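Okay, structure first, notes after.
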Amino acid sequence: MTLEVIPLQTKIITPEDRLLKVVADYAGPHLRSGDILVLAESVVAITQGRLVRPEQVKPTPWALALARFVNQDGSLSSPYAMQVIMNESGALRTLLAFCAAAATRLVFGRRGDFYRFAGQQASLVDDVTGNMPPFDKHIVLGPSHPEQVVAEIREQFGVEAAIIDANDLGRTRILAATSGAGQKLLLKAFRANPAGNADQQTPIVIIRKTRS
């Protein structure tokens, strides 16, 4: 058996779109029994309206302080994005995550604990520099209730489903997947990030097992 990976181009998806209708319009005509339907996490979040313009956010002194300790390549180096996460995950949890991560880095030399302690949203948020037009003026959070989303897709379309956060550096994170999707298969199929990280507009990917 080999894997056929089929990226599907869509229009620009906005908060006015309903996700299941997007799937029906663009993936519905192509789906076959046994397929796995994969959605980019950003498109799920956008249809849920999980985006904020920086001018709607007023960073607190804590957000300003914490953002200074984040690598400039990270979304949370923006105090606006940091404040959004503090609003989402809770200010106390974010502050405790920072303190705990500083301690584990000092004692064990371990990096990345802040994102583990602060919760999944801290690692999923994209600042304005990480988003493509027309959302390059927005902070985009990760999707809400991804497990429920994939369950609804399986129920409506009769195929396994997953939501994935992938990039061109070979990093792939499965946010949610139905029981029959198979995590090893998903990671293998997304090793080269078939959805793309630029302006391909292919946020939906069908994975299909075929006989070689």
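For residue 65, are the conditions met, namely being out of contact with any helix residue (DSSP H, G or I) (no Cβ under 8 Å at 6 or more places or on another chain) and either in a helix (DSSP H, G or I) or small (Gly, Ala, Ser) (or both)? Before the answer, list the steps.
Details: out of contact with any helix residue (DSSP H, G or I) (no Cβ under 8 Å at 6 or more places or on another chain): yes; either in a helix (DSSP H, G or I) or small (Gly, Ala, Ser) (or both): yes.
Taking the combined requirement at face value, the residue satisfies it.
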Quick test for you: out of 37, 95, pick the one residue that is within 30 Å of residue 208 (Cα to Cα) and either over 21 Å from the mean Cα position of the chain (by Cα) or not hydroxyl-bearing (Ser, Thr, Tyr) (or both).
37
For residues in the range 107-122 being in a helix (DSSP H, G or I) and farther than 14 Å from residue 83 by Cα, which is nearest to the chain's Cα centre (by Cα)?
120
May I ask you to list pairs of residues, at least six apart or on different chains, whose Cβ atoms are under 8 Å apart, with the first in the range 160-173 being among the aliphatic types (A, V, I, L, M) and the second being part of a loop (DSSP other than H, G, I, E, B) and at pLDDT below 85?
164/195; 166/193; 166/195; 166/197
Mind counting the residues in the range 134-150 that are touching a residue at least 24 places away in the same chain (Cβ under 8 Å) and assigned to a loop (DSSP other than H, G, I, E, B)?
8
Close pairs (7 angstrom Cβ cut-off, 6 or more residues apart or separate chains): in the same structural domain as residue 105 (by TED's automatic domain parsing) in the range 57-69, buried (at least 19 other Cβ atoms within 10 Å of the Cβ) and part of a loop (DSSP other than H, G, I, E, B) anywhere
67/78
Restrict the check to the range 95-112 and report whether at least one residue is modelled with pLDDT of 95 or more and among the basic types (Lys, Arg).
no
Among the residues of the range 168-191, is there at least one that is within 20 Å of residue 12 (Cβ to Cβ) and among the β-branched types (Val, Ile, Thr)?
no
What number of residues within the range 1-33 are of a type in the set (Lys, Arg) and in contact (Cβ under 8 Å) with a residue 60 or more places away in the chain?
2
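The values are calculated or read from the model by the stated rules, or taken from the named source; none is laboratory data. The structure presented is a predicted model; accordingly, all values stated were derived computationally and were not measured. Ideal geometry is used to build each Cβ from the backbone, glycine not excepted, and the neighbour counts take in all protein chains shown.
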